[in-house]
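The values are calculated or read from the model by the stated rules, or taken from the named source; none is laboratory data. Remember, it's a predicted structure, so these values are computed and weren't measured experimentally. Here the Cβ positions follow ideal geometry from the backbone for every residue, glycine too, while neighbour counts run over all protein chains shown.
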Amino acid sequence: MHMSFALPGYAELHCLSNFTFLRGASHPEALVERAAALGYDALALTDECSFAGAVRAHLAAKRCGLPLILGTEVRLDDGMKLVLLATDRRAYGAISALITLGRRRAKKGGYALSADDVGALAGSHALALLVPEGRVDPAQARWLAERFPGNAWIAVALHCGPEDRAWLGRLREIARAVKLPLVAAGDVHMHLRSRRRLQDTLTAIRLGRPVAHCGHALYPNAERHLRQRMRLAQLYPPELLAETCAIAERCRFSLDALRYEYPEELVPKGETPASWLRWLTAQGLAWRFPQGIPDKVVQLVEHELRLIAELGYEPFFLTVHDIVGFAKRRGILCQGRGSAANSSSGSGSSAAGSGLGMTATWRLAA
Amino acid sequence: MSWAIAEDRRVFACDAQAESLGVRAGMGLAAAWALAPGLRLRARDPAAEQAALEGVAAWLCRFTPAVSLEPPHGVLAEVHGSLRRFGGLRVLAAQIRDGVAALGFSARLAAAPSARGAWLLTFAETESLLEDVFALRDALERLPIEALCTSDEARVLLSRVGVRSVRALLGLPRAGVARRLGPALLEQLDRALGREPEPRRFFAPPEQFAAALELPAEVEHAEALLFALRRLLLQLEGLLSARQSGIRQFLVVLGHRRLAPTRIEIGLASPGRDAGRFLELLRERLSGHALAAPVEAVRVEADRFVPLAGKTAGLFGNAREDVEAWHRLVERLQARLGEDAVHGLGLNPDYRPERAWRCRPLGEDGPAMENLAFGPRPLWLVEPPRALEERGGVPQQNGPLVMLAGPERIESGWWDGAEIKRDYFIACSTNTALLWIYREPGGGWYLHGLFA
Amino acid sequence: MWRGGRTAPIAVPALPTGFPLLDRQLPGGGWPSGALTEILTALEGGGELQLVLPPLAFLTAAGRRIVWLAPPHLPFAPALAAAGIDLRNVALVRPPRRREVLWAAEQVLRACACHALLLWCREVRYAELRRLAVAADASQALVMLFRPLQATQTSSPAALRLVLASTADGLDVRILKCRGPRSEASLRLRVNRPVHALDRSSLAAARARDPVAQPCPA
């Protein structure tokens, strides 16, 4: 029998950080660093209906040189559990919108999504993994296969349970019947096996019971961690591991691709944000200093406008201006706060800011 | 063996044996010994007498709540309201007579329409159970004057006048009697005849039970104790009946001369008050056990009464008897084999196999079993797990074991000091038995169950 | 001594065994109640529980009590529950001393308070078996006594005696004695084994693919 001595490639596609409150027991950075240390091809961070950990994971992944996939785990009204992965900017946007939709519908801390909501993702290049728990509903698998053709898998999580072999057999049958491929996924809740006690404690807190009274609500062992590839090779058939890398290959979205995109309506045709800001500031200053603008003020305004131009913050000021103007027209009391109002060495208000009429107090820095 | 109670160097009371030898109450001790050389004496213990009296009174409370004491040796029970329930005066009197005898006392019984009348009639020669006033008057008239007289002085006075019976007394003019002898005598008479009411303080049965009995001779065999204990248990039953209560446990204390007392706690599967049941349990507990030392006194204590209604005979038919029979069986088994030897089984949501089950007390009638999902589990658990031999890394049991399923990894219990980290396998040996075995991280193999 | 042959099957109230093959061979069509049944096995844990599970599940589910007396190991509650036994109606009696086992059995039967008694006893004398049989008769319960295989050498007043052996995929039952005509042949009964995904013929293949797993990391 031919034994391969090379460790198989593996990408973990189902992983929760502690941004999934009271379920994940590790920081996103720790997960990323560990995955890198284990030689994973990629790690997907899939917190529950949230991208909250994405930024930290992104920064850590850049430091470690590990490809990071963004995604989310959601449990639908009918009980179906899915992992959605972003392949590109569009998928990321669609998944974000889905998260927002779900969160808005429910009380703070919860979310509510239906199969139809997820179905709307279908054309957006998002990938979907069905995560069956305990029993598989062939109808769910069929639905997924129909809505996400070519973009759907059944996730197989093997954690040394009492009937792993039978479970795998059953999943194979269903996959064959509905023509969905299988992929290995870890349902990872912590980066190291030794975080197990913390993870149990989180469960106890979530249920409001002492750990000793949680019974079967705890996991029976500590397998839901980022496992060594050697171990995974023993537990999973090689094609399921290979499939994780195939999926990771398709997910090329990185947060670096994002930048601020302001609405175009803020700036009239023919103007740039910079020129428009300069014009508005000039108007405001003229109104403030009818007898003539002091030299000191002019110099300050120039300095600040240069700074703003360097950082590209024009749209931000314009946005705030737009909001304040709206409020004033409606008679709503408002005060511009933050960097717009106090950008002049921290004492007093910014010249540009006052020029725009944003603060009631104007005291120019000496 | 004849016995007498002594007080102030005189015989206060003696038993039939001594009486037959001529000993009488009031006799000096020297005279008594002359008549009965083997006479055994005990000092009079008024406190013990009072306790015994209260014990009888408590037992009587099962017939009526209106029981009062007539110290030093009398108890009065107002049973008018109970006559119908207990089948009439004669039947009731028979029950009382038998019951008091079973408690170990001999008594003179009388019944009358008035309390004082009944009391006086106990001094009559024959037992009287009278239900109407005229019969009462007749019976009272026949009484000797000693019964009524409260003081020697009055008796002497009356006898000097020639009044030897109550009838004669009744013949005397009232005013004269009152003037000569004081109002007390007339008052007694009036009360006895039912002319005047007699307020009495009713006895309240206590909320716990403690009664002791000194044995006439030291007892060396446990079974012989049962006779004495039976009396105490009957008393206990009476009290519980009176209070409409039952108990779940009681304490038997055996007093030894030189050793500390032996304490035996008997527990019941369900609350009860039947003396027969208590005695059965005691018999089982004592059977086959040798006593630490000869016993000279026994004591029974019980507190913590719980409400227990009377038996409704046969209302629920067989089902109720069936449950009763089951509880009795469990009690009997536990009394002989120990409480730990008999119990039920229950599930426990714990991943550690040795803790996935629990003992259930058999009285417990729990809700339906929750559906707890476990992997395939063996019908027999080998406790404690048995270490297996290993050859070349393969565990052995009548030959090398072949793994058919697994590993099922169970790592649990870090929170209570009984943490396990095991990989379980279903293995089969050459004689085809299916075994449940596990391996530990250090490498040892253990047998934990049999699928058969 | 019973003469086999053309005697009519005797009508005793019987509990279906759960194995139709066995039911057909037993007088009354099942386990006799109110009589002593002996089951002899080569080793404890050799399949005897699997044989008697069906009536136990049936009885407990119907609210009837069963008593286990002096079993060789602990009956494991999760497995019993999975097999359909309602644990609320199960009582376990484990006397600390061997000589009390038979006393306890008699007490249980005399009380007529349970519907099945399972009893394990290594050495029993004929006279004691006789008493047990009498008590069983009075109790109308299902009484099953499990003894080692050597007991086939001695006679017994039990109404039914079976010899049981465990095989690769089931149980081999041979009727030693029963009230009525009996077949000499062994009956092969199939039982549900937990390893349903695997059969013995592919055992070798399984071994090759799946060597003994690696130890848990420390």
2 or more residues surrounded by fewer than 19 Cβ atoms within 10 Å (Cβ to Cβ), touching a residue at least 12 places away in the same chain (Cβ under 8 Å) and not small (Gly, Ala, Ser): qualifying helices (runs of 4 or more DSSP H) within segment B:51-165: B:89-103, B:133-141, B:145-148
Here the residues within segment B:428-452 that are away from chain C (no Cβ under 11 Å) and farther than 19 Å from B:GLU390 by Cα are none
Looking at C:LEU21, C:LEU26, C:LEU80 in this structure, which one is more than 8 Å from chain B (Cβ to nearest Cβ) and surrounded by 22 or more Cβ atoms within 10 Å (Cβ to Cβ)? C:LEU26
Taking segment A:217-269 and keeping only residues that are more than 20 Å from A:TYR40 (Cα to Cα) and of a type in the set (Val, Ile, Thr), one is left with A:VAL267
Can you pull out every residue in segment A:254-293 that is touching a His at 6+ places or on another chain (Cβ under 9 Å) and part of a loop (DSSP other than H, G, I, E, B)? A:SER254
Just to check your reading of the model, which residue among C:VAL163, C:VAL195 is modelled with pLDDT of 65 or more and either more than 10 Å from every other protein chain (Cβ to nearest Cβ) or in contact with a strand residue (DSSP E or B) (Cβ under 7 Å, 6 or more places away or on another chain) (or both)? C:VAL163
Exactly one of C:ARG99, C:ARG88 is surrounded by fewer than 21 Cβ atoms within 10 Å (Cβ to Cβ), modelled with pLDDT under 90 and under 20 Å from B:ARG328 (Cβ atoms), and that one is C:ARG88
Quick check, is B:ARG358 modelled with pLDDT of 80 or more and within 14 Å of chain A (Cβ to nearest Cβ)? yes
How about segment B:242-265: which of its residues are in contact (Cβ under 8 Å) with a residue 24 or more places away in the chain, of a type in the set (A, V, I, L, M) and assigned to a strand (DSSP E or B)? B:ILE247, B:LEU251, B:VAL252, B:VAL253, B:LEU254
Restrict the check to segment B:416-427 and report whether at least one residue is closer than 30 Å to C:GLY170 by Cβ, among the aliphatic types (A, V, I, L, M), within 11 Å of chain A (Cβ to nearest Cβ) and in contact with a Pro (Cβ under 9 Å, 6 or more places away or on another chain). yes
Among the residues of segment B:393-415, are any at the interface with another protein chain (Cβ under 7 Å from one of its Cβ atoms) and over 22 Å from A:LEU235 (Cα atoms)? yes
I'm trying to understand the selection: among the residues of segment B:284-304, which are within 18 Å of the chain's Cα centre (by Cα), over 19 Å from B:GLY246 (Cβ atoms) and surrounded by fewer than 17 Cβ atoms within 10 Å (Cβ to Cβ)? none
Looking at (1) touching a Gly at 6+ places or on another chain (Cβ under 7 Å); (2) at pLDDT 85 or above, can you tell me which one A:ASP295 breaks? (1)
Which ones in segment C:159-177 are touching a Ser or Thr at 6+ places or on another chain (Cβ under 6 Å) and of a type in the set (A, V, I, L, M)? C:LEU160, C:LEU164, C:ALA168
Considering residues that are part of a helix (DSSP H, G or I) and touching a residue at least 24 places away in the same chain (Cβ under 8 Å), the number found within segment A:196-237 is 12
Look at B:ARG180 and say whether it is modelled with pLDDT of 80 or more and at negative phi. no
Any residue in segment B:175-194 that's among the polar types (S, T, N, Q): show its pairings with residues that are surrounded by 14 or more Cβ atoms within 10 Å (Cβ to Cβ) at Cβ separation under 8 Å, as long as the two are six or more apart or on different chains. B:GLN188/B:ARG116; B:GLN188/B:LEU148
Can you tell me which condition B:PRO378 does not meet? The list is (1) more than 8 Å from chain A (Cβ to nearest Cβ); (2) in a loop (DSSP other than H, G, I, E, B); (3) loosely packed, with under 12 Cβ neighbours inside 10 Å, and all the others hold. (3)
